[in-house]
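Please read the structure below before turning to the comments.
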Amino acid sequence: MTNNLDISRAMKIQLGEILETLPDSPEFVSGIRRAPARHFTLTQKETELALKNALRYIPEKWHRTLAPEFLDELLTRGRIYGYRFRPAGPIKGRPIEEYRSRCIEGQAFQVMIDNNLDFDVALYPYELVTYGETGQVCQNWMQYRLIKRYLEALTREQTLVVASGHPVGLFASSPQAPRVINTNALMVGCFDDQQNWHRAMALGVANYGQMTAGGWMYIGPQGIVHGTYSTILNAGRAKLGIPEDRDLTGRLFVSSGLGGMSGAQGKAVEIANGVGIFAEVDDSRIQTRLDQGWITRAVRDAAEAFALAAEYQQKKKSVTIAFHGNVVDLLEYAVANDIKIDLLSDQTSCHAVYEGGYCPQGVSFEERTELLKSGHAGFKEMVDTTLRHHYELINTLTRRGTYFFDYGNSFLKAVYDAGVTKICKNGKNPLDGFIFQSYVEDLMGPLMFDSTAPFAGFV
Ligand code: NAD
């Protein structure tokens, strides 16, 4: 057993065995969303290390060509993606029999990986980001090529080990063992903080996998419609006194985000027969949901959004409205005009709050992308100011009867990090929890969160 885990005994595949010639420089299809530049902050020594880490995949004969290219990617995009190694053309999850492997699991994983990188599925396909602003399949295209080749070679007597996108090798195992063991985003001890995390990603040694991007099993927002529907319906039943046999008819749910997972919110509200307004700063994501039919209407004016919502609430009919703009602008309007919001949540990507996951007030989506690229020194403060304002607006609305809940997007923690200690139950730090509940508490009830409950320690 110990021998099986010995890295020196793993079966290894090198990129040089797969590629005879260096692929051509890539051409980027216009109209495909690109990840914003992640601000470059590495020191010179760290930059050298990042280059070494990327070049470890590359046969030495190509180092001279690729070292400057990788350096340019690092300086301009904040990461080395190895664009040149992305196979040209569209990537799609094809029928399983079209993939080569020595076991069906090896074929299945390839379908899943390619589906996660499909232009029609992935958020930033060229940067290997499937969803959630930063959730990647693996860190770079060299890893992609190697993982695919390992999966072709995989047998039912082997296990492929992948650490943050880096394929460690094929280890001898048994048919009963997992075919792939894949870990992402592991930071240990004193390195487990935002600064070291970003450094590790820029160095090419850490991958943020979100839930199903790095786990290779993203099935799009349809995979989360049911959970979102149950969550908002239960929030209505638990907090608004809606009887068990009724739905959200005539009720207004306001939230933000029409992205990877947040994009499910419109469909979920429609199934619950409610009225929903969703703020979204990125026009392209609104268009995706309109094309899908998961959003009924898109408007640019908060007054129009709330007027339309009121009309449908009165008619007791469902409508789902995309507000093209910042969620804070939308809530400002609701507060100023004393509009009653029944349920309120947020699905901006606050787990990556300073990397583009949360757009500051007063700048468009395109401007935030430019600010990220130039590493604008004031960007963090702009985000923090907006978060603090967002918190005050939520406070006002909840005082007026709105029920607000966190949607597992780290919003409460982001507000705390922005300097709002009064969001903590103890007024100092999050150790005793936050003053607003999370959606899981609404869904699961007190059992898992009551500190006197038997399972509390395992949550
Ligand atoms: P995403 O990045 O694809 O979508 C978020 C959207 O918010 C983007 O389209 C972005 O343009 C928009 N946005 C950002 N700032 C905004 C602002 N100020 N105003 C209006 N729109 C703004 O991410 P996603 O996959 O949809 O997930 C969103 C977040 O929700 C993530 O943090 C995710 O982890 C969390 N989430 C958690 C669960 C769970 O089960 N725990 C479920 C769903 C979502």
Listed by first then second residue, the pairs whose first member lies in the range 55-69 and is of a type in the set (A, V, I, L, M), whose partner is modelled with pLDDT of 95 or more and in a loop (DSSP other than H, G, I, E, B), with beta carbons under 6 Å and at least 6 positions apart or on separate chains, are Leu66/Ile58
Result of the Cβ filter at 6 Å on the range 17-42, keeping first residues that are on the phi < 0 side of the Ramachandran plot and partners that are aromatic (Phe, Trp, Tyr) and in a loop (DSSP other than H, G, I, E, B), at least 6 apart or interchain, is Ile32/Phe119
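Can you tell me which residue in the range 232-258 is farthest from the ligand (Cβ to nearest atom), limited to those that are hydroxyl-bearing (Ser, Thr, Tyr) and surrounded by 23 or more Cβ atoms within 10 Å (Cβ to Cβ)? Explain how you work it out, then say what you get.
Our first condition is that a residue be hydroxyl-bearing (Ser, Thr, Tyr); within the range 232-258, this holds for 249, 255-256.
From what is left, the residues that are surrounded by 23 or more Cβ atoms within 10 Å (Cβ to Cβ) are 255-256.
Details: Ser255: 9, Ser256: 4 Å.
Going through the qualifying residues, I end up with Ser255.
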- Message: So for the range 193-210 (the condition being β-branched (Val, Ile, Thr), in contact (Cβ under 8 Å) with a residue 24 or more places away in the chain and within 14 Å of the ligand (Cβ to nearest atom)), does at least one residue qualify?
- Response: no
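Anything in the range 310-357 that is part of a loop (DSSP other than H, G, I, E, B), closer than 21 Å to Leu397 by Cα and away from the ligand (no atom under 12 Å from the Cβ)? List them, or say none.
Looking only at the range 310-357, we keep the residues that are part of a loop (DSSP other than H, G, I, E, B), and these are 316-318, 325-326, 337-342, 345-349.
Next cut, closer than 21 Å to Leu397 by Cα only: 325-326, 337-342, 345-348.
Within the range 310-357, Asn337, Asp338, Ile339, Lys340, Ile341, Asp342 qualify.
Return yes when Phe70 is assigned to a helix (DSSP H, G or I) and of a type in the set (A, V, I, L, M, F, W, C) and no when it is not. Write out each step before concluding.
Working: assigned to a helix (DSSP H, G or I): yes; of a type in the set (A, V, I, L, M, F, W, C): yes.
Yes.
Looking at this structure, is Gly375 of a type in the set (Gly, Ala, Ser), more than 25 Å from the chain's Cα centre (by Cα) and either assigned to a loop (DSSP other than H, G, I, E, B) or more than 26 Å from Thr231 (Cα to Cα) (or both)? Walk me through it before giving the result.
Values: of a type in the set (Gly, Ala, Ser): yes; more than 25 Å from the chain's Cα centre (by Cα): no; either assigned to a loop (DSSP other than H, G, I, E, B) or more than 26 Å from Thr231 (Cα to Cα) (or both): yes.
It is false that Gly375 is of a type in the set (Gly, Ala, Ser), more than 25 Å from the chain's Cα centre (by Cα) and either assigned to a loop (DSSP other than H, G, I, E, B) or more than 26 Å from Thr231 (Cα to Cα) (or both).
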Checked Ile321, Ile271 against criteria (surrounded by fewer than 19 Cβ atoms within 10 Å (Cβ to Cβ) and among the β-branched types (Val, Ile, Thr)); the one match is Ile271
Quick count over the range 392-434, residues being hydrophobic (A, V, I, L, M, F, W, C), at pLDDT below 95 and either more than 23 Å from Leu331 (Cβ to Cβ) or surrounded by fewer than 20 Cβ atoms within 10 Å (Cβ to Cβ) (or both), is 2
Taking first residues from the range 271-300 that are farther than 17 Å from Val254 by Cβ and at pLDDT 95 or above and second residues anywhere that are among the aromatic types (Phe, Trp, Tyr) and surrounded by fewer than 20 Cβ atoms within 10 Å (Cβ to Cβ), the pairs with Cβ under 8 Å that are 6 or more apart or on different chains are Asp282/Phe365; Asp283/Phe365
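One line per residue, one yes/no per condition, for (1) part of a helix (DSSP H, G or I); (2) touching a Gly at 6+ places or on another chain (Cβ under 7 Å); (3) surrounded by fewer than 23 Cβ atoms within 10 Å (Cβ to Cβ):
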position	(1), (2), (3)
Ile80	no, yes, no
Pro90	no, no, yes
Gly93	no, no, yes
Gln139	no, yes, no
Ile147	yes, no, no
Thr159	no, no, yes
Those residues of the range 172-186 which are of a type outside the set (Lys, Arg), over 25 Å from the mean Cα position of the chain (by Cα) and either buried (at least 20 other Cβ atoms within 10 Å of the Cβ) or not in a strand (DSSP E or B) (or both) amount to Ser173, Ser174, Pro175, Gln176, Ala177, Pro178
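The values are calculated or read from the model by the stated rules, or taken from the named source; none is laboratory data. Here the structure is a predicted model, which means the values were calculated and not measured. All Cβ positions, glycine included, derive from the backbone under ideal geometry; neighbour counts span all protein chains shown.
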